[in-house]
Amino acid sequence: MSCSTVRQTLLAQENPRAPTEGEARHLAGCADCRAWHNRLIHIEEQLPLIAVPACPIPGRLLIALDSSILRLPSVSRQHSRLRNLEGGRQKLALAVSLAASLAVFTIGWWAWPEQTTNPTRRASAADPYLGELNHRIAGARTASQRITAMTIWADQLLAEARQHGDDPAHLAVLAGHFDRLVQDDLILEVDRVAPAQRRVLASSLATQMRKLQEQASLLAQQLEPQDTKASVSLRRIAASARAASDRLLRIT
């Protein structure tokens, strides 16, 4: 199945969380479609959270309508009333149809990727960081699951840095990945969590970032007498963890 076919059929399904066997095989082998599918699921999760303003019928209008019905003296007026009611039903049906069409169009427009203008998708094949990030969150269907995958990767990046203290070039790459992960993508996913859970989650993550900061700072101190370049990368990791912690604590 082609990417276009898979995405069109998933958009048309009542429950895109359950792809068919053929679609599942395609998603397993296509990182771009997996990322698109995750976005589609995220949109569906957010739909019930959209606030719909209440629109009660004014009591005076109901009284006026009842009074006008009681005053109808003839069949012609009754026929006119029925015609007006039918016209009102048609207008209501049209309004509901337009609202539903607009919602579907908005969701489709937001979810459907522009293959020729999406820089993130274009760069993913040539960007080691994005390639690894897409791989790690490929199976995550919710923001919480993506956050878990990202925090695991953050821990692993620092562990890998500890093992490669004698390779400044590799440490510089790891520091760059860590910086983008905890200051950009992790914060973005936290913002997508439901407001009722966001503050508690952000506070917990901030504590975890502080622990990573302490570990990276200690490791930098240990390596500084041997290799200044290596210690610089580790201090960058520590600074990124500290900055992420501060930003998380400001989230409400």
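Key figures for this structure:
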quantity: Contour minus Cα-Cα distance for ALA24 and ALA194 (0.36 nm per residue); calculated: 58.4 nm
quantity: Extension gain, ARG250 back to ALA12 (0.36 nm per residue minus Cα-Cα distance, nm); calculated: 81.7 nm
quantity: Simple spin-label estimate for ILE43 and HIS135 in nanometres, 7 Å along Cα-Cβ; calculated: 2.9
quantity: Full-extension gain in nm, GLN145 to CYS3, via 0.36 nm per residue minus C-alpha separation; calculated: 48.7 nm
quantity: Equivalent-ellipsoid semi-axes of the stretch 127-249, from the Cα gyration tensor, Å, largest first; calculated: 26, 16, 10
quantity: Whole-Hz ³J(HN,Hα) from phi, Karplus 6.51 cos²θ - 1.76 cosθ + 1.60, for the stretch 185-193, glycine and proline x; calculated: 5, 5, 4, 4, 5, 4, 5, 8, 6
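No value in this document is a laboratory result; all are computed from the given coordinates. Note that the coordinates shown come from a computational prediction; the quantities given were computed from them, not determined experimentally. Backbone-built Cβ (ideal geometry, glycine too); neighbour counts: all protein chains shown.
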